[in-house]
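A short worksheet on the structure shown next.
Throughout, read-outs are computed from the coordinates displayed, never taken from laboratory work. As the structure is a prediction and not an experimental result, all values here were calculated from the model. All Cβ positions, even for glycine, are placed from backbone atoms using ideal geometry, and neighbour counts span all protein chains on display.
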Amino acid sequence: MTVDADAARLKDETDEPGWEVDPDDEWGLAVIATVGRQLKLRREAVGMKAGEFGKAIGYGEDMVYKIEGGKRIPRPEYLDKSDEALGANGLISAMKEDVAKVRYPKNVRDLAKMEARAVELQLYDPLNVHGLLQTPEYARSLLLMRRPAYSEDEVERFIAARMARKAVFERSPAPELSFVLEEWTLRRPLGGRDALRQQLEHLLETGQLRNVELQVMPMDREEHACVDAGIELLKFNDGSTVGRSQVVANGRPVSEARQLRILELRYGIIRAQALTPRESTALIERLLGDT
């Protein structure tokens, strides 16, 4: 690579959108400021100037100053290369997990925190396969269809955030998870037949987990208690519950008894109206056979 080409690459990476810190995200700002401060202290401790350090790890001096000043979110490879160049023995690379979370939208991160504490989750999405059940391919297809269009960087950020929430399936002890899916969302081949096939296969695999119940609301039902909005009910070990739906408090999380009663009533009715888990599995298997 020529000097000019290398300089252009470094400038592109410095100017690339999507790696700025959200000014309204206090936690994210604190994380990136701490990471930047640690990087600067370690660089100065080994006697390297910013330009020299940037050249050693393949980044421009401007990028080094921005990251050390808490103005930019460092890429994972930036942290790995810094760890090696500064002889940090993995301490800098270990920051990648928290740094990655800063790129998630704040509302998604807050939801993931609640999901991580819940002992029971009851979930319904009338428009798509629920985010916790989506494959990366299905999620990407949905995001690429949005208009106005997301940038490629935004798409990757949202996919990473959505996939990170799947850690709820790996918890021990495992929470109880209940999903109600709309049949039409399992028939529409968003992203193509291959993407739909992978999504249906994933649903069948997930439905086999002992702590997961999948139910499908068939298209031929003449009654449906909640066609206008999704429902999320998160129940915690202390007996408290948090609910969320666009039909209550404009989608803001609620914990007041009267509002929760509405959501619990609606969710209970649509579960009764939907196919049983065994019937739902049989339907998904038939749909998979047709794709």
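Restricting segment 103-141 to residues that are of a type in the set (G, A, S) and without any contact (Cβ under 8 Å) to a residue 40 or more places away in the chain, which is farthest from F179 (Cα to Cα)?
Filtering segment 103-141 for residues of a type in the set (G, A, S) gives 112, 116, 118, 131, 139, 141.
The next check asks that each one be without any contact (Cβ under 8 Å) to a residue 40 or more places away in the chain; those that pass are 131, 139.
Working: G131: 11, A139: 17 Å.
Top of the filtered list is A139.
If the requirement is being in contact with a Pro (Cβ under 8 Å, 6 or more places away or on another chain) and within 27 Å of Y104 (Cα to Cα), which of these qualifies: G191, G243?
Sole residue among the options that is in contact with a Pro (Cβ under 8 Å, 6 or more places away or on another chain) and within 27 Å of Y104 (Cα to Cα): G243.
The rows are residues; the columns are (1) buried (at least 18 other Cβ atoms within 10 Å of the Cβ); (2) out of contact with any strand residue (DSSP E or B) (no Cβ under 9 Å at 6 or more places or on another chain); (3) among the small types (G, A, S).
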| residue | (1), (2), (3) |
| --- | --- |
| A100 | no, yes, yes |
| L111 | yes, no, no |
| E115 | yes, no, no |
| A118 | yes, no, yes |
| L121 | yes, no, no |
| D125 | yes, no, no |
| H130 | yes, no, no |
| P136 | no, yes, no |
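When the residues of segment 139-178 are narrowed to those that are crowded, with 18+ Cβ neighbours inside 10 Å and polar (S, T, N, Q), which ends up farthest from the chain's Cα centre (by Cα)?
S178
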